[in-house]
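The values are calculated or read from the model by the stated rules, or taken from the named source; none is laboratory data. Quick caveat, the model's predicted, so the values are computed rather than measured. We place every Cβ from the backbone using ideal geometry, glycine too, and count neighbours over all the protein chains shown.
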Amino acid sequence: MDALGPRFERFLAAVEPAREGRVVACEAITGGYSRISARARVRWRDGVEETFILRGDPPPGSGVFTSDRDAEAELLGALPAATSVSTPRVRWYDGSGEHLGSKAIVMDCAPAVSLQDEMARAQDIGPLTDLFIDTFAAVHATPLDRLPARMPHPPDWLSYLDGVLAGYDRIAGEHPGSAPVLGYVTWWARTHKPPPVPLGLVHGDCNPTNVLVGPSGPPLVIDWEFARIGDPREDLGYYTQSPVQPNVYWADPERFLDRYRAATGLTQEQVNPQTVDYFLIIGMAALLEQLLTAAAAIGAAERPGILAPYLINAISHQHDMFLAICDRLS
Amino acid sequence: MITRPTTDALIVDCCRELTDAILPGLTDETLRLRLVMTETVLRNAAVRAAHEIAWMREETAALVAYAAAVAARHPSEPLRAAMTTVEASAAASLHLADVVDRYEKAGQAFEKALTAAQGAGSADLIAQARELLRDRVEIEKRVMATYTIVGR
């Protein structure tokens, strides 16, 4: 048990003083690129045991990807009443970091495995692909008026898209190493706008590792830190660049998009391989800016950690993908 | 100075030490992951150390030539100012900081030139810009070497 275990035990004493919870196991969950996650097993005074997931911010100034834990906690609180999609039950939130060392959400640990792992084991990935698509189609159908007021609500689709493209102009101005590529890509994106669709809830890290499936019950969608209101096709575009295999979009793009259109009612003109490509560029804007910001911080007194130089290659990868999309769709 | 082994050879040797001697002795999964990432960064740095000054100077010349070609057909004040800034930078210096500075300024002039070409609807100049960007990304891919995503 590392230092987080005793901290969590003191936190439980503060939020559930009568139950006298003892942390009997606490282990870090490796593999994430943004939050610090741990799994902790707790034995209460009455002998009942429960397992929790702790999801907190990395120490200030470290890491590459940043997000607002207050906003994520609030969204997780709002989603059960807003959508048919199931999410992990939030049990407590250390909103000050006073107890757990940084702002941290404590959730029930579901007896489930990632859909990605299930896909890797499956002989026939068709049903699991459909589950993945239907789950995210349901995310995208979430009524926007039920989402937290603090979440930015763009007035309309065109304003939203123009805002993202203006953001790319700003990023190019701040990061001269990327400016030539971003200048070209942004001009191209402004001159090749696809047909609009209704704005929706975008998960922001759409891939099957963020869907948990268990022996019973609906799938759980996790990791909402990059969620926003935007164009739902951003999630599809984002998933196309996931290197984790199997990637069920590339297994059969037409089948994937047929299913998504059927689930959402969107048309072939709105959802096709070209529009998905386009929205990879749009959907990556925030993450690309964070990659560039972290790269610019390398060498500063407060270094962002090894992930920042490691992910410089991801910046080059984005440049390559974006230009290839411009070529394919021109 | 001691010329051999060259900087890239020294870095690659460190990579071998990390991979062959240190990694097998690590049992902590998080530390193993960080070491693999570190080795990737070093391997990329070795490629850069061997070529980056030459690559940036070659591309700087191409970017400046493009900006001049656009300026001749579609003059604009932002482009003229950006080109003046490039001309004022240290063209002869081979010190890395100077080469990077001039390369970034050439990139900004290129961007202003591209904006002018796009504004004028000059398809041939826009296509030329795309070719320059293709070359730039090819260099970036050479630096990436054997990069694969780990830890996700």
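Tallying residues that are of a type in the set (Ser, Thr, Tyr) and outside any loop (DSSP other than H, G, I, E, B) within region B:72-104 yields 3.
Mind listing just one residue for me: the one in region A:63-88 that is assigned to a loop (DSSP other than H, G, I, E, B) and touching a Leu at 6+ places or on another chain (Cβ under 9 Å) and, of those, modelled with the lowest pLDDT? Going through the qualifying residues, I end up with A:Gly63.
Here's the yes/no breakdown for (1) charged (D, E, K, R); (2) surrounded by 17 or more Cβ atoms within 10 Å (Cβ to Cβ); (3) farther than 17 Å from B:Ala145 by Cα; (4) within 14 Å of chain A (Cβ to nearest Cβ):
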residue: B:Thr6; (1), (2), (3), (4): no, no, yes, no
residue: B:Leu26; (1), (2), (3), (4): no, no, yes, yes
residue: B:Leu31; (1), (2), (3), (4): no, no, yes, yes
residue: B:Ala46; (1), (2), (3), (4): no, yes, no, yes
residue: B:Glu52; (1), (2), (3), (4): yes, yes, no, yes
residue: B:Thr60; (1), (2), (3), (4): no, yes, yes, yes
residue: B:His74; (1), (2), (3), (4): no, yes, yes, no
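I'd like to check something: does region A:212-222 contain any residue that is in contact with a helix residue (DSSP H, G or I) (Cβ under 9 Å, 6 or more places away or on another chain) and within 12 Å of chain B (Cβ to nearest Cβ)? No; the residues of region A:212-222 include none that is in contact with a helix residue (DSSP H, G or I) (Cβ under 9 Å, 6 or more places away or on another chain) and within 12 Å of chain B (Cβ to nearest Cβ).
If the requirement is being over 17 Å from the mean Cα position of the chain (by Cα) and modelled with pLDDT under 95, which of these qualifies: B:Arg80, B:Arg16, B:Arg32, B:Arg73? Write out each step before concluding.
On the way: B:Arg80 fails: modelled with pLDDT under 95; B:Arg16 fails: modelled with pLDDT under 95; B:Arg73 fails: modelled with pLDDT under 95.
Among B:Arg80, B:Arg16, B:Arg32, B:Arg73, only B:Arg32 is over 17 Å from the mean Cα position of the chain (by Cα) and modelled with pLDDT under 95.
Sub-7 Å Cβ pairs linking a first residue in region A:155-184 that is under 19 Å from B:Leu63 (Cβ atoms) to a second residue that is part of a loop (DSSP other than H, G, I, E, B), at least 6 apart or interchain, are A:Ala172/A:Ser178, ordered by first then second residue. The residue of region A:200-210 that is surrounded by the fewest Cβ atoms within 10 Å (Cβ to Cβ), among those that are out of contact with any Phe, Trp or Tyr (no Cβ under 6 Å at 6 or more places or on another chain) and closer than 23 Å to A:Met151 by Cβ, is A:Asn210.
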